[in-house]
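One structure below.
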């Protein structure tokens, strides 16, 4: 949802204002072979270019069992897992990430809360931005089952069939926890002027370092002289 060409940044998510809260380094992962279908060839090529061959993936229970005789290392791992009940850890290999809310935040205005359809395709116009306005995308997400490694957000924007923006935000690696994580994107400024106004189509994705896509949204938005 931005307009600075080919942006890439790495701001960390937070929870309750604490940037370090359960934000962990990757333990061990493997390339599951999962891929994301994209109709735009450039976007697909970029995804494949960043795929890594990583080590074998383990369940949380296996991660803890590996070093159960090393008390200091075991306590460190349990500390990373935070509020997860380590005595009741399942043995699910694949992490699960659920995006629970999306909103557009602009100083001096009520947040624009964006409904998330199950099929990832909002019907009709999803939102309207005022030209020259400053805003941020804010979202919350839940992580369960296992640690998710290299979570990232990508967004591609087209106008009249021409790609006008491509952005990527590296979010980080997160352990399961009961409370949702919250992340705010860097501030954006919408373009202004006669040629900037009009209708745009876009695609947003939330993926991990296996290129497993947890949510893909294909949507339409407007830039107008005033907020809708």
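The values are calculated or read from the model by the stated rules, or taken from the named source; none is laboratory data. The shown structure was predicted, so the numbers you read here are calculated from the model rather than taken from an experiment. For neighbour counting, all protein chains shown are included, and Cβ atoms are generated from backbone atoms with ideal geometry for every residue, glycine included.
Listed values, structure above:
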{"read-out": "Test result for residue 128, in a strand (DSSP E or B) and over 19 Å from residue 206 (Cα atoms)", "value": "yes"}
{"read-out": "Residues of region 115-126 classified as over 21 Å from residue 169 (Cα atoms) and in contact with a strand residue (DSSP E or B) (Cβ under 6 Å, 6 or more places away or on another chain), total", "value": "4"}
{"read-out": "Any chance residue 141 is assigned to a strand (DSSP E or B), in contact (Cβ under 8 Å) with a residue 60 or more places away in the chain and more than 17 Å from the chain's Cα centre (by Cα)", "value": "no"}
{"read-out": "Candidates 226, 179, filtered to the one that is surrounded by fewer than 17 Cβ atoms within 10 Å (Cβ to Cβ), modelled with pLDDT under 95 and either under 30 Å from residue 145 (Cβ atoms) or in contact with a strand residue (DSSP E or B) (Cβ under 9 Å, 6 or more places away or on another chain) (or both)", "value": "179"}
